[in-house]
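Engineer: Here you go, one structure.
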Amino acid sequence: MQDMLVVGGGYVGLSAAVAVKQAAPHLDIAVVEAAPEHVWQKDMRASAIIAAATKMLEVFGIWGEIQPEAQPITKMIVTDSRTADPVRPVFLTFDGEVEDGRPFAHMIPNAVLVRALRGVCDRLGIEIRHGLSATGLKTEENRISVTLSDGSALESRLLVACDGVRSKLRDLAGIKTVSWDYGQSGIVVTVEHERPHNGCAEEHFLPSGPFAILPLTNNRSSLVWTERAHDADRLVAGDDLIFEEELERRFGHKLGALKVIGERRAFPLGLTLARAFVAPRFALAGDAAHGIHPISGQGLNLGFKDVAALAETIVEADRLGLDIGSINILERYQTWRRFDTFRMGVTTDVLNRLFSNDVMPVRIARDVGLGIVDRIPGLKSFFIGQAAGIAARNNPRLLAGETI
């Protein structure tokens, strides 16, 4: 029987396994992943990782491996306009540094992050089983049993579900959600451009949704392009020339000629919040607990906050000789994380509804608000500190760069 079983071998699942095993090497931990073993190597996307999360990666001992392939975000600008507007006025700018030499975020290729996390799993002796999904769940007084797609079953003192926003385990555990669809999709694509971006990220608020340009290494940028769902499907499935023309209308010409690299994909956008994060011998983390709009770039980072809080809760309980799967222990994690998650979900929901429209009185009000923030240095510093996770209250130790 395992001490802890993690279902879901993405960034959050692997990080949860590493965080607990590193601090409590005597615990027996395994990871079950539905995807084939090498599929992660084909992921051409990148993710924005905030400063607090990079401190956790430093504690894991893998930031030195990741950093050469990470692009610091040194500046961010925010505009509000229509697609056809010849000029996009800048209403808000942020300098990217929150501490000496530490930018508020980095853009990291997904494959690089997973490779580093898998490497530390190997070094710590964490077993990863591939190609298996959960089909059944049974909770007993001292254990929880997971039936897998190959007919086998694994038993553990604690099960951590990191199996995504459509979590099968969340359903099997009987945890309900609050959710709705925005009628939008996020088109994710990487482009190459002639001129350097100098580490500057841009978020253009357009009537159909935000268009984010996120810098990557080597004169490349990752785009998160929000459109109404039917338009996004049409663009992704349509002619290359039309797609590139529509992209250029939104991107502009400031970085020269553009070239799309790799495939373009569209992901439906919605809000999903679990009504509970825990059950006896069971905990949710990452997108299984919360799926939010990408307008703030905080989705994955919320998952890393879950990991840090859950690991600290589990390890401290183990050191006191307590049962790590006890509902009393797990409720400490839920109390720690649920309000922050709810607040971020509400914030992204309000921001998306506020900025994804072309109602003139609303546009005037939001532009005035952005302008006020831009002119008050203390307020700007507060917002950037919150976004970077540095100024967050009651941060878990891993997010402060401290061992558990």
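Engineer: So Ala266 ticks every box in (1) in contact (Cβ under 8 Å) with a residue 24 or more places away in the chain; (2) assigned to a loop (DSSP other than H, G, I, E, B) but one. Which box is left unticked?
Structural biologist: All conditions are met except number (2).
Engineer: Right, next: Give segment 192-212 a look and list any residue that's over 20 Å from Leu354 (Cβ atoms), at pLDDT below 95 and in contact with a helix residue (DSSP H, G or I) (Cβ under 9 Å, 6 or more places away or on another chain), or say none.
Structural biologist: none
Engineer: Same structure, new question: Report yes if some residue within segment 271-282 is under 24 Å from the mean Cα position of the chain (by Cα), charged (D, E, K, R), closer than 22 Å to Asp28 by Cβ and crowded, with 22+ Cβ neighbours inside 10 Å; otherwise report no. Please lay out each step first, then the result.
Structural biologist: Filtering segment 271-282 down to residues under 24 Å from the mean Cα position of the chain (by Cα) leaves 271-279, 282.
Now drop any that are not charged (D, E, K, R), which leaves 275.
When the remaining residues are screened for being closer than 22 Å to Asp28 by Cβ, the result is none.
No, every residue in segment 271-282 fails to be under 24 Å from the mean Cα position of the chain (by Cα), charged (D, E, K, R), closer than 22 Å to Asp28 by Cβ and crowded, with 22+ Cβ neighbours inside 10 Å.
Engineer: Inside segment 217-254, can you point out the residues that are over 23 Å from Asp349 (Cβ atoms), touching a helix residue (DSSP H, G or I) at 6+ places or on another chain (Cβ under 9 Å), surrounded by 18 or more Cβ atoms within 10 Å (Cβ to Cβ) and among the polar types (S, T, N, Q)?
Structural biologist: Passing the criteria: only Ser221.
One line per residue, one yes/no per condition, for (1) within 30 Å of Gly238 (Cα to Cα); (2) in a loop (DSSP other than H, G, I, E, B):
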residue: Arg115; (1), (2): no, no
residue: Ile128; (1), (2): no, no
residue: Thr135; (1), (2): no, no
residue: Ser156; (1), (2): no, no
residue: Asp171; (1), (2): no, no
residue: Gly174; (1), (2): no, yes
residue: Gly183; (1), (2): yes, no
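Engineer: Do the conditions hold for Leu159, that is, is it at pLDDT 95 or above and not β-branched (Val, Ile, Thr)? Write out each step before concluding.
Structural biologist: Details: at pLDDT 95 or above: yes; not β-branched (Val, Ile, Thr): yes.
Here the answer is yes, as Leu159 does meet what is asked.
Engineer: Applying the selection to segment 299-324, what residues are surrounded by 24 or more Cβ atoms within 10 Å (Cβ to Cβ) and either in a loop (DSSP other than H, G, I, E, B) or acidic (Asp, Glu) (or both)?
Structural biologist: Asp306
Engineer: Among the candidates Arg228, Arg234, Arg195, Arg265, which residue alone is under 26 Å from Lys75 (Cβ atoms) and among the basic types (Lys, Arg)? If you could, list the steps in order and put the result at the bottom.
Structural biologist: Values: Arg228 fails: under 26 Å from Lys75 (Cβ atoms); Arg234 fails: under 26 Å from Lys75 (Cβ atoms); Arg265 fails: under 26 Å from Lys75 (Cβ atoms).
Sole residue among the options that is under 26 Å from Lys75 (Cβ atoms) and among the basic types (Lys, Arg): Arg195.
Residues are listed down the side, and each one gets a yes or a no for (1) hydroxyl-bearing (Ser, Thr, Tyr); (2) over 19 Å from Leu169 (Cβ atoms); (3) at pLDDT 95 or above:
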residue	(1), (2), (3)
Gly10	no, no, no
Ser15	yes, no, yes
Gln41	no, yes, no
Val59	no, yes, yes
Thr74	yes, yes, no
Thr93	yes, yes, no
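Engineer: How about segment 39-65: which of its residues are touching a residue at least 12 places away in the same chain (Cβ under 8 Å), part of a helix (DSSP H, G or I) and touching a Ser or Thr at 6+ places or on another chain (Cβ under 8 Å)?
Structural biologist: Residues satisfying the conditions are Met56, Val59, Phe60.
Engineer: Considering only segment 317-338, state which residues are under 26 Å from the mean Cα position of the chain (by Cα) and charged (D, E, K, R).
Structural biologist: Listed by number, the residues that qualify are Glu331, Arg332, Arg337, Arg338.
Engineer: For segment 142-163, which residues satisfy the criterion of being surrounded by fewer than 20 Cβ atoms within 10 Å (Cβ to Cβ) and under 20 Å from Gly303 (Cα atoms)?
Structural biologist: Of everything in segment 142-163, nothing turns out to be surrounded by fewer than 20 Cβ atoms within 10 Å (Cβ to Cβ) and under 20 Å from Gly303 (Cα atoms).
Engineer: Moving on. Report the residue count in segment 164-188 for those that are in contact (Cβ under 8 Å) with a residue 60 or more places away in the chain and loosely packed, with under 13 Cβ neighbours inside 10 Å.
Structural biologist: Residues meeting the conditions: 6.
The values are calculated or read from the model by the stated rules, or taken from the named source; none is laboratory data. Only a predicted model underlies this, so the values are computations on that prediction, with no experimental measurement involved. In this analysis, Cβ positions are derived from the backbone assuming ideal geometry, glycine residues included, and neighbour counts consider all displayed protein chains.
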